[in-house]
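**Student:** I have a structure here, written as structure tokens, and I will follow up with some questions on it.
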Amino acid sequence: MEAIRTDATTAAYTVSFEDDAATDPSVTGGKGANLALLVDLDFAVPSGFCVTTAAYRALVDDADVRRAIAAVADLDLADADGISDRCATVRERITNAQFPDPVRRAIEETLAERSTDAVAIRSSATAEDLPTASFAGQHETFLGVHDRKAIFDRIRDCMASLFTERAVSYRLENDISHTTVAMAVVVQAVVEPEAAGVLFTADPVSGNRRVASVDANYGIGDTVVSGDVSPDNARVDRRTGDILEYEIGDKRNTLHLRADRDGTESVATEPDRRNSRVLSDAQLRELVELGDRVTDVFDSQQDIEWAIVDTEILLLQSRPITSLYPLPSPVPDDDRIHLYFSIGHQQAMAEALPPLVVDWVREMLENSAARLRSGDSTAPFTAAAGHRVYIDLNPLLDNGLSRPVAVCLLGAMSEPAATTVEDCLAERRERETAEKRNRLDGAVSVGRALRRLVPVIGPAAPTVLGRFIRPFVCGPPDPEHVRHRVELQGERMADRITQPSSQAARVRHAFDAVDHGTLVATVGSQSMPLLLAGLLSGAILERLFPDAEDELDALGKGFDDEIATQINQRLNDVTDIARTHPDVADALTAGDSLSEIERVDGGDEFTAAFTAFLDDFGSRASSEIDLSRPRWKDDPELLRKTIRSSLSGSDDLDHREHLAQLKADAERAAAELEARAGRGLLGPIRKPVVSRLLRVYRGGIQLREHHKHGVTRFLTAARDVFTEAGDSLAADGQIDQPDDVWFLRKDELLAALEDDSPIDVDIEKRRRAYNRDASLTAPPILTSDGETPAVTAAIEPTGHELVGTPVSSGIVEGPARVVTDPSEESLENGDILVAPSTDVGWTPLFQNAAGLVMEVGGRMTHGALVAREYGIPAVVSVSDVTAEIQSGERVRIDGSRGTVELLDRTDADDPTTAARSSGPSDPRR
């Protein structure tokens, strides 16, 4: 083994790949440590050594350099100019610094022992090639360096690249300290390969872990890495070795080492080679097999740079693929591919949930599924992935009777999700005979489920059926009465988890006292039958009047008693009070508290109205299924921000006039349809039937949010139980702060409360993992092997367009306002709201919105319903739209076509490529 070069303080400044210390990332950085481990396991790697992090620290051990680095630590990710200026300062000071003599001697002696004419010099940061942060392409690489002086300059340049703008921004985004990170440098024999490229051991586009993807070109592989050419691309089934697809790229250039000086040169590829395959089937299979071995070493999917020299495959680099969405857990116990649907997309809330909430949501759903399972099945109905909860669709899709119902319901929540499921089903369609057998099995399965449900729903069935039929006979009931009953049932359910005397019992009750199905059925029994009656009436009206789209659209708007409408109307009424009292408006603008506002002229009237609003709607919040989110009663600042923004908007009572206009339009539409029904010989019979259908339709669909309004009483009580537990654990020193409770698991929390067990978990590590997953875009459909099937847009985008699902007609132009947290931001009049998702907690923002664009959602999700109610154009299921659009950018929404046109874009910045696929972006460099 080669000796480690040290100075008097025994700091190692160079280590060979073969040295034991080389596998330590704190010594050789991520890239160097990975290569050393591969060498240790006898993989073929070009020979080399690492200039260690001790050499970097010696280089930057200067007061001016340390001050410049410390200044970078104070930067904010949004401060682009500050990042640019301070990073330039740090790089300049590092590149102008001189290596101390001991470091220089160590490098010179190590180079002298090696006969390689040219070397490759690559950066290897301690925060690089990690399972959670690859830093791919963030730091410098130099190929074909001959001159000894140039080698020292390039090593210093690599160390300075620790502070490129992109590397600093990446660290800021991934919450990695600038002051503790260090840079090692890999110095490696450079090879002149026949072919080279990149191997992804999982498909980087779809996420499929069973498919490897290989990019290849002739010569040095940097043409592939840098994206200078379109390489050959092959997709290979890792299980069977089958070549699923081989696409020949144009490979117009080939990269070679310069013979006369440092660096590389690009030459045109011969025409006959451009049209030929770079790799044979045998070479592909050998690469994939090699990749599988490397994956086993690092226990994660890998992004591998490789080169073929004299028929031997050499590994140049291996790093984790950090762009893959996490696999669902638990893993299915069979060999089938399972399809999962995100419960967050069903709720139009695709954001990540902290661990305790994940456990709570899964338990609620599992308890519900237990009533429907047939036979002795104990297979989990849910899985967790990326801090989101997914439901297993296979039991529903395998059943010939439930399959069409499941796909139909998916379509109402997310058309792209339904399309994806249909595409997946088409790929695995069974033969007709098997389908018939499946339907028989499905009927048996449904029968078993009904047998389990009858004892639960049987006693309530006559009442529920009566509530469904009664509107058709007697007309719809008073919606205020329905709301009162819904709230009462929600409060009764909440009482069930607040009654136990001990805190541990209350927490256990919050998990075990009720399942999701019982909760929705109990609270929704007051409104859901009426809503279903309304939806059925609407479907009948659509069949009776297929050419009356405008009239039917008008009938679905203008409801005094719809919950979201009431929230907006009441909040606007509170705003009008502030508008008529300048002192109140001034106090709101100044950010005064409610008690301070109450002391100004008109303040008592304002605070009374505001308090009454919280009494009625204080249990609401954004992303209500996430119990860690404060309710409005806990943090009413969102409401005050909305009021402040609205004060500069429309005049008094404009919101009431708008609602009155919608109601008048609905009445005219109803009168028109009644008149049409009354014509002809059967008119006297048709007209009263249509009249009743119209009343049932409008009376029913205005109750679409009532059941959830009742459920939020229970959700708020469950949140209160968990926050009280957090307060107690923090007071006892079990956790550092009350909010840490959300990063415990169910069993850990109960053990701490019931048995006084110590909480021995790394909360900060879990918080970092949660924040990392929160930055990922959750796919609506995920397979058990990690694939996120792509959905083709319904229409081909033109120009600078993004495409989604149209849910509210009309065309509007205006400035986009990207909002990810409604508690932190507000809208100005005329802004177009661009959001990842919305629910009732976002309702206050709608009063200033001119249009709506969302990443998730369908025609029946909250944002779509509210947009139609307010008559603003809306497009949903626009993939990654919060990243594609910047606040202030002018956009045009077409709520009929489902397009979002980016009006400020130039041809040099065309997003339409991204719009054509709703799958994840390709992480290839």
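**Student:** Straight-line reach only, C-alpha to C-alpha below 12 angstrom: list the aspartates and glutamates that K149 could link to, leaving out same-chain residues fewer than 8 apart.
**Tutor:** E108, D262
**Student:** Please compute the contact order of the range 801-915 in relative form: average sequence separation of alpha-carbon pairs under 8 Å and at least six residues apart, divided by the residue count, as a percent.
**Tutor:** Computed value for the range 801-915: 38 percent relative contact order.
**Student:** Moving on to the next point. Between the range 317-396 and the range 232-259, what is the C-alpha centre distance in whole Å?
**Tutor:** 35 Å
**Student:** What is the Cα centroid distance between the range 272-302 and the range 843-895, reported in whole angstrom?
**Tutor:** About 44 Å separates the Cα centre of the range 272-302 from the one of the range 843-895.
**Student:** Let me ask something else about it. Subtract the Cα-Cα distance of R293 and S502 from 0.36 nm times their separation in residues, and report this length gain in nm to one decimal.
**Tutor:** 69.9 nm
**Student:** Among K708/K765; K557/K687; K641/K746, which pairs are too far apart, with a Cα-Cα distance over 32 Å?
**Tutor:** Result: K708/K765; K641/K746 exceed 32 Å.
**Student:** Then there is this: So, by mean Cβ neighbours within 10 angstrom, what's the order for 466-473, 887-894, 675-682, 24-31 with the highest one leading?
**Tutor:** Going from most to least packed, we get 24-31, 887-894, 466-473, 675-682.
**Student:** Determine the calculated [θ] at 222 nm for the chain from helices alone, applying -39500 (n - 2.57) to every DSSP H run no shorter than 4 residues and normalising by the residue count; nearest 500 deg cm²/dmol.
**Tutor:** -14500 deg cm²/dmol
**Student:** Mind checking Rg over Rh on the chain, alpha carbons, Kirkwood formula for Rh?
**Tutor:** Over the Cα atoms of the chain, Rg/Rh equals 1.01.
**Student:** Highest first, please rank the peptides 349-362, 223-236 by the mean number of other Cβ atoms sitting within 10 Å of their residues.
**Tutor:** Those peptides, ordered most packed to least, come out 349-362, 223-236.
**Student:** Give the peptides 257-270, 496-509 in descending order of average Cβ contacts within 10 Å, highest first.
**Tutor:** 496-509, 257-270
**Student:** Moving on to the next point. Taking the Cβ of N96 as the center, what net charge do the other residues with Cβ under 13 Å away carry, scoring Lys and Arg +1 and Asp and Glu -1?
**Tutor:** Charge balance near N96 sits at -2.
**Student:** Would you mind computing Rg(Cα) / (2.2 N^0.38 Å) for the range 250-339, counting N as its residues?
**Tutor:** 1.52
**Student:** Rounding to the nearest 10 and keeping the result within 0 to 90°, find how far the Cα-based axis of helix 148-160 lies from the longest principal axis of the chain.
**Tutor:** Around 20 degrees separate the two axes.
**Student:** If one computes the Cα centroid of the range 479-498 and of the range 752-792, what distance in Å separates the two points?
**Tutor:** That distance is 33 Å.
**Student:** How do V689, V185 rank when sorted from fewest to most other Cβ atoms within 10 Å of their own Cβ?
**Tutor:** V689, V185
Taken together, the values in this text are just the output of simple stated rules run on the coordinates, not laboratory data. All values derive from a computational prediction rather than experimental measurement. Cβ atoms come from the backbone with ideal geometry, glycine included; neighbour counts cover every protein chain shown.
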